[in-house]
Amino acid sequence: MSTPEIDVDAEARRVLHLCNICGYCNGYCVVFDAAARHPLLTANEVTWLAQLCHGCGNCLYACQYAPPHPFAVNVPQSLAQRRWQDYQQRIWPRAAAGLLIEAEAVTRLALQIGIGLAVLCAIIVLPWATLWAPAHAPGDFYRVVPLSTMTALGGLSLSWAVLVLMMSWWRFWRQIAATPLSWCAMRQLIGEIISLRQLSGGGVGCHPPDDRRLAAKRGLHQLLLFGMVLCVAATLSAALLHHGLGQLAPYGLVSWPVVLGTLGGGAILVAGSGLLWLKQHTDPDLVIAPMQAADRALLRLLLVTAGTGLALLISRATPAMGLLLVVHLGSVTALFLLLPYSKFVHVGYRVLALLRHAIQAKIQ
């Protein structure tokens, strides 16, 4: 059943105005305190508040005006609608908005094309003996895929992703920024990113104080962040070994690239699987269907990338090494190309929304 068309900006403003009048949830999370300090709720302020909401749900379960009350106050869902609209409006180029709307189908297609083309090219171009040879000596990876090809695929696709993401995030920051940066605000922001404490909401209300769903959501997000940081560190350490010390991949099992990559990939697999499970058991009153679909698509893309990387590590001394290498490179390329058109865009919006909140908190 299709969702009826609504003016999401007007609905978000209506709900937040009612919350400002009531005031019961002030202190639950930063959204209500910030809304109370900006009672006019301009379009820019609503945009900021929507990205500041972490969707914990505490306010909905505590609200006396929640559906089926005629006021129908549902802050998490109303702000989720507003965030979803922002994601689509700021995608560049705008014609690519459909990639986010059809995230699950696009992700499947991108993986099929990326991995399929990589495997097809390997089978056509490489001699059979090279494709099915295990990796034992340094430089064996480059027999299958030359370093120049790896660098071009990764560099070009990642550069495109960074360019598009930065354009979207910069436009968002120009819209919501109202005060200059400060070092104190940056320190608070770093603490917010590491702790993710906003995922736990604030007051208890009618919501169980020991809600394991919220604790699991927060912990899995932290584990996912940790895993991605470790994978980046593994890539940087491999680049240092290659370009700085002249050592060629594959590296030893106790080398920094392998240890960091294994820990990072394992963390992504555990966190991604757990978050997928939570998505299937999330209260539908807290979310909207398109956002959930985009969440699932990104998580599956991360799982495929991490899973193929770990499979390559485990099987690199077997004849399957060559095919697993090209499969992993295909999944990495698909991941980079889809990042700007996936739910990953919310990372920058959330960080910038928290930064504006930190700046204002220090001023006031």
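Using r as the Cβ-Cβ distance of residue 109 and residue 26, and R0 as 41 Å, what FRET efficiency do you calculate, to the nearest 0.05? For residue 109 and residue 26, the calculated efficiency is 0.35.
Protein heavy-atom surface of region 1-160, 1.4 angstrom probe: 66% of the accessible area is carbon and sulfur, with nucleic acids and ligands not counted. Just the protein heavy atoms count here, and of the accessible area of region 183-320 at 1.4 Å, carbon and sulfur take up 71 percent. Membrane-span-like helices in the chain, defined purely by DSSP H runs whose alpha carbon atoms cover 24 Å or more axially and whose average Kyte-Doolittle hydropathy reaches -0.5, are 103-125, 147-176, 212-239, 256-280, 289-315, 321-338, 345-363. When 262, 151, 47 are compared by accessible surface with a 1.4 Å probe, the order from highest to lowest is 151, 262, 47.
Counted residue by residue at 0.36 nm each, then reduced by the alpha carbon distance between them, the extension gain from residue 170 to residue 229 reaches 19.0 nm. Which residues does the label zone of residue 151 cover in region 223-242, counting backbone N under 17 Å from a point 7 Å along Cα→Cβ? Within reach of a label on residue 151, which here means backbone N under 17 Å from a point 7 Å along Cα→Cβ, region 223-242 contributes 235-242.
Mean residue ellipticity at 222 nm, helices only, the chain: -22500 deg cm²/dmol; runs of at least 4 DSSP H residues each add -39,500 (n - 2.57), and the sum is divided by the number of residues. Accessible area of residue 141 (1.4 Å probe, protein heavy atoms only, ligands and nucleic acids ignored): about 30 Å². Using a Förster distance of 30 angstrom, determine the FRET efficiency expected from the C-beta separation of residue 263 and residue 117, and round it to 0.05. In this case the efficiency is close to 0.50. Using a Förster distance of 22 angstrom, determine the FRET efficiency expected from the C-beta separation of residue 289 and residue 160, and round it to 0.05. Once rounded, the FRET efficiency stands at 0.15.
When the chain is treated as a GNM, springs tying every alpha-carbon pair under 10 Å, which of 281, 136, 346 comes out with the largest mean-square fluctuation? Highest fluctuation of the listed residues: 281. Ligands, DNA and RNA are left out, and with a 1.4 angstrom probe the accessible area of the chain is 48 Å² per residue.
The values are calculated or read from the model by the stated rules, or taken from the named source; none is laboratory data. Quantities reported herein were computed from a predicted structural model and do not represent experimental measurements. Positions of Cβ are backbone-derived with ideal geometry, glycine not excepted, and every protein chain shown enters the neighbour counts. Surface accessibility is based on the protein's heavy atoms, side chains included, excluding ligands, DNA and RNA. Shrake-Rupley method; radii C 1.70, N 1.55, O 1.52, S 1.80 Å.
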